[in-house]
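These notes are about the structure you will find just below.
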Ligand code: ADP
Ligand code: MG
C-alpha cells in the first residue's frame, strides 16, 4: 500500500441549492486505506460532500477524482463504492442473504462464489447464522451491521458511511464504533465516515475534517484537532459534548 496515493480528491467544489451556498470551495484528499471522518453540525454540508463523491449530486463548480480519474460526470453505479446511510439502507422485502447477493448478482458473480463471499462478510460483522432473517426481524444494530456487510460484500474501492450509528442507542453506538474501526483496518478499505458526534469522530478516525457552514475549518489527526484546534469554531465545537 502506498500512503501517498490519494483515493479520492475533491478540487474546488462548490454547491448551491437556490441561494443557499452549501459547499463553498471545498478541497479534500483522502489517502488510500485511511478512515477519514467528516465532522460538523447538522446542515454544514457533510452529506452533500459525500453525495458528490458517490455521484448522487454534481457540483456546480469543481471536480471529483477517484484513484486519479476524474469522475465528475460518472454515474454512481459506475463508481466502485459501497454506501451506508443512517436508516433504510436494506431492501425490506429481501432476507439478509438476498440483500447481500443483490450486488453480487449485478456483478455476475457465480452462485458458489456468492455464498462464500456472503458467509465471510457476515462473519466479519458478527451476523453469521442470520442470513434468512428479514430486516424487520432484526434489531437496529443488526440491521446496520447487515447494511455494512452489504456495502462490503462487493469489495468496493471506497466505503462511504453517512451517520450509520446515529439512530442507535449509546451502548450499541460505542460497540459498533469499535467494530467499524477494526473491520476497516482489517479489510483496509478507504473509508469516509460522516458524523455530527465529536467523540465518535475523534475515537474512530485516522484523520478528521471539521466542517462548518460549507467550509472546511481544519483537517488533522484526532490528537491534533483535540490539542491544537486551528479556529475558534473547532475549539468550541470539539469542546461540546452531545
Ligand atoms: P449535513 O449532512 O452536514 O447535515 P447536508 O449536506 O445534508 O448537511 O445539507 C447542507 C445544507 O444543504 C442544508 O442547509 C440543507 O438544508 C441543504 N440541502 C441539502 N440537500 C438539499 C436539497 N436537495 N435541496 C435543497 N437544499 C438542500
Ligand atoms: Mg447529513
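Every number here is computed from the coordinates shown, using simple stated rules; none is lab data. Remember, predicted model here, so these are calculated numbers, not experimental data. Cβ: placed from backbone, ideal geometry, glycine included. Neighbour counts: every protein chain shown.
Before moving on, here are some points about what is shown:
- Rounded tilt (10° steps) of 111-124 against the dominant C-alpha axis of the chain: 60 degrees
- With the highest mean first, a sort of the peptides 181-190, 199-208 on other beta-carbon atoms found within 10 angstrom per residue produces 199-208, 181-190.
- Rounded tilt (10° steps) of 140-153 against the dominant C-alpha axis of the chain: 90 degrees
- Considering only the chain, percent of DSSP beta bridges that pair antiparallel, nearest 5: 55 percent
- Burial ranking of peptide ranges 76-87, 105-116 (average Cβ count within 10 Å, highest at the top): 76-87, 105-116
- Per-peptide average of other Cβ atoms within 10 Å, ordering 232-239, 168-175, 214-221 highest first: 214-221, 232-239, 168-175
- Three-way shape label, the stretch 80-168, alpha-carbon gyration tensor, a/c 1.5: oblate
- Nearest 10 degrees, 0 to 90: helix 96-106 Cα axis against the chain principal axis: 80 degrees
- Residue-averaged [θ]222 nm for the chain, counting only DSSP H segments that reach four residues, each worth -39500 (n - 2.57): -11000 deg cm²/dmol
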